[in-house]
1. Restricted to segment 260-285, and to residues that are in a strand (DSSP E or B) and touching a residue at least 40 places away in the same chain (Cβ under 8 Å), which residue is surrounded by the most Cβ atoms within 10 Å (Cβ to Cβ)?
2. With the structure loaded, tell me whether Leu198 is in contact with a helix residue (DSSP H, G or I) (Cβ under 9 Å, 6 or more places away or on another chain) and either among the small types (Gly, Ala, Ser) or surrounded by fewer than 24 Cβ atoms within 10 Å (Cβ to Cβ) (or both) or whether it fails that test.
3. Failed condition for Leu101, given (1) under 20 Å from the mean Cα position of the chain (by Cα); (2) part of a loop (DSSP other than H, G, I, E, B); (3) not β-branched (Val, Ile, Thr), with all others met?
4. Could you tell me which residue of segment 63-90 is surrounded by the most Cβ atoms within 10 Å (Cβ to Cβ), considering only residues that are in a loop (DSSP other than H, G, I, E, B), modelled with pLDDT of 95 or more and of a type in the set (D, E, K, R)?
5. May I ask you to verify whether Asn309 is touching a residue at least 12 places away in the same chain (Cβ under 8 Å) and closer than 23 Å to Trp226 by Cβ?
6. What do you reckon, is Lys124 farther than 21 Å from Gly285 by Cα and in contact (Cβ under 8 Å) with a residue 40 or more places away in the chain?
7. Picking from Arg150, Arg161, which residue would you name as being modelled with pLDDT of 95 or more, surrounded by 21 or more Cβ atoms within 10 Å (Cβ to Cβ) and either touching a His at 6+ places or on another chain (Cβ under 6 Å) or not β-branched (Val, Ile, Thr) (or both)?
8. If I ask for residues that are of a type outside the set (A, V, I, L, M, F, W, C) and either free of Cβ contacts under 8 Å to residues at least 60 places away in the same chain or under 19 Å from Gln84 (Cα atoms) (or both), which ones from segment 136-161 would you list?
Amino acid sequence: MRRYMPLLLLTMILCVACTSTKDKNNKRLEGEENHAIDAMNASIEIIADQLQTPWSIQKSGDDFYIAERPGSIVKIAEGAFTRQQITLKKELSSAPEAGLLGFVLAPNFPTSQVAYAYYTYVEKEEQFNRIVTLTLSDNKWLEQDLIIDRIKSGTYHHGGRLKIGPDGKLYATVGDATQPSLAQDVTALEGKILRINLDGSIPNDNPFPQSYIYSYGHRNPQGLAWSTDGTMYASEHGNAANDEINIIEKGKNYGWPLIEGTEKKHGMITPLFTSGTSTTWAPSGIAIVNDQLYVAALRGTAVLAFDINKNKHNELLSEFGRIRDVFVDEKFLYFISNNTDGRGNPQPQDDKLYRMPL
């Protein structure tokens with residue numbers, strides 16, 4: 001036995017040394033990562049403050065239009081801040097997660113002054129969501145045409161994101177209205193991503209005959225974006241955890257409530273990324289630049305960056321509280337905090353529109 005003692009002792013010394021080196025390397029990498037986040041945070045500037053529960057960012061030329069959940073649009077032009085009121089045909093809901101949600105400018109907005117909006121309204125003792133057009137005139141917005149009405153609202157899970165796709169169609173995310181079974185019902189609009197002609201009609205090439213439904217099996221999707229090759233991505237709130245980033249394909253079933261996270265079932269799609277069973281991102285608005293997917297995280301209180309090619313992600317920035325939406329142009333990434341939504345911890349002058357260099 002004694003002849004083996006020197007070898008055993010040497011092995012133990014080497015193991016301790018390896019562990020020490022590994023710990024040092026981990027601390028070094030962690031320090032470098034924290035330093036990078038600190039440097040990134042230092043490069044961020046405030047474009048506007050005192051926003052009231054902002055939900056969507058839109059940009060036309062150099063002008064910003066920020067939709068606020070209580071029912072107004074903030075225009076930011078040449079440093080000037082104007083809160084534009086909206087006249088709606090239905091009573092806007094003030095319930096949690098409800099109100100004026102999705103907002104997107106029409107492709108011809110500079111000449112038409114038309115935008116699309118998704119909002120929650122109250123009718124007697126019930127709540128519904130509807131998609132409408134808004135027209136801007138004399139610095140005021142007026143509800144004009146009805147696109148879709150009486151989308152079930154429920155207590156939570158409204159979805160609400162609107163985007164114009166590269167095919168020129170209007171896309172809308174709709175939550176399951178806290179009725180999970182609706183997500184699997186292809187005769188119901190809840191728990192779906194919808195695809196709509198800009199005049200409100202149903203596209204002939206949608207996957208289900210005479211239906212706005214483009215994909216189904218969603219719980220509470222709140223972000224949409226397309227990469228340069230036309231691939232469509234969506235973010236989705238999971239049930240307590242298991243938040244998802246999905247590649248959206250025409251007519252596909254994304255599983256809720258039958259599967260979630262990494263679970264698999266025949267005929268259902270598992271996500272490209274998931275937060276797992278112990279982490280919550282609460283992802284909302286998303287944007288893509290050069291195969292980097294940027295995700296606004298509410299409970300994650302960060303902007304997350306997902307490398308689509310390398311199948312990994314990291315925290316791009318933090319320390320700004322709940323983040324609701326992101327927007328990118330050629331040089332900058334913009335994001336809005338959402339600390340005044342009743343679930344955050346508002347700082348002085350919250351909420352804010354921020355800008356950081358890409």
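The values are calculated or read from the model by the stated rules, or taken from the named source; none is laboratory data. As the structure is a computational prediction, the values presented were derived from the model and not from experiment. Methodologically, a virtual Cβ is constructed for each residue, glycine included, from the backbone with ideal geometry; neighbour enumeration extends over all protein chains shown.
1. First, the residues of segment 260-285 that are in a strand (DSSP E or B): 268, 273-274, 283-285.
From the residues that got through so far, the ones that are touching a residue at least 40 places away in the same chain (Cβ under 8 Å) too are 268, 273, 283-285.
Values: Met268: 16, Phe273: 21, Pro283: 29, Ser284: 27, Gly285: 26.
Residue satisfying both the conditions and the ranking: Pro283.
2. Working: in contact with a helix residue (DSSP H, G or I) (Cβ under 9 Å, 6 or more places away or on another chain): no; either among the small types (Gly, Ala, Ser) or surrounded by fewer than 24 Cβ atoms within 10 Å (Cβ to Cβ) (or both): yes.
Spelling it out, it is not the case that Leu198 is in contact with a helix residue (DSSP H, G or I) (Cβ under 9 Å, 6 or more places away or on another chain) and either among the small types (Gly, Ala, Ser) or surrounded by fewer than 24 Cβ atoms within 10 Å (Cβ to Cβ) (or both).
3. Among (1) under 20 Å from the mean Cα position of the chain (by Cα); (2) part of a loop (DSSP other than H, G, I, E, B); (3) not β-branched (Val, Ile, Thr), the lone unmet condition for Leu101 is (2).
4. Let us first name the residues in segment 63-90 that are in a loop (DSSP other than H, G, I, E, B), namely 69-71, 78-79, 88-90.
With the extra rule that they be modelled with pLDDT of 95 or more, the set shrinks to 69-71, 88-90.
Now restrict to residues that are of a type in the set (D, E, K, R): 69, 89-90.
Numbers: Arg69: 26, Lys89: 11, Lys90: 16.
Restricting to residues being in a loop (DSSP other than H, G, I, E, B), modelled with pLDDT of 95 or more and of a type in the set (D, E, K, R), the top hit is Arg69.
5. On the way: touching a residue at least 12 places away in the same chain (Cβ under 8 Å): yes; closer than 23 Å to Trp226 by Cβ: yes.
Spelling it out, Asn309 is indeed touching a residue at least 12 places away in the same chain (Cβ under 8 Å) and closer than 23 Å to Trp226 by Cβ.
6. On the way: farther than 21 Å from Gly285 by Cα: yes; in contact (Cβ under 8 Å) with a residue 40 or more places away in the chain: no.
Against the criterion (farther than 21 Å from Gly285 by Cα and in contact (Cβ under 8 Å) with a residue 40 or more places away in the chain), Lys124 does not qualify.
7. Details: Arg150 fails: surrounded by 21 or more Cβ atoms within 10 Å (Cβ to Cβ).
Step by step, each of Arg150, Arg161 is checked, and only Arg161 is modelled with pLDDT of 95 or more, surrounded by 21 or more Cβ atoms within 10 Å (Cβ to Cβ) and either touching a His at 6+ places or on another chain (Cβ under 6 Å) or not β-branched (Val, Ile, Thr) (or both).
8. Here is the first cut: in segment 136-161, the ones of a type outside the set (A, V, I, L, M, F, W, C) are 137-140, 143-145, 149-150, 152-161.
Within segment 136-161, Ser137, Asp138, Asn139, Lys140, Glu143, Gln144, Asp145, Asp149, Arg150, Lys152, Gly154 qualify.
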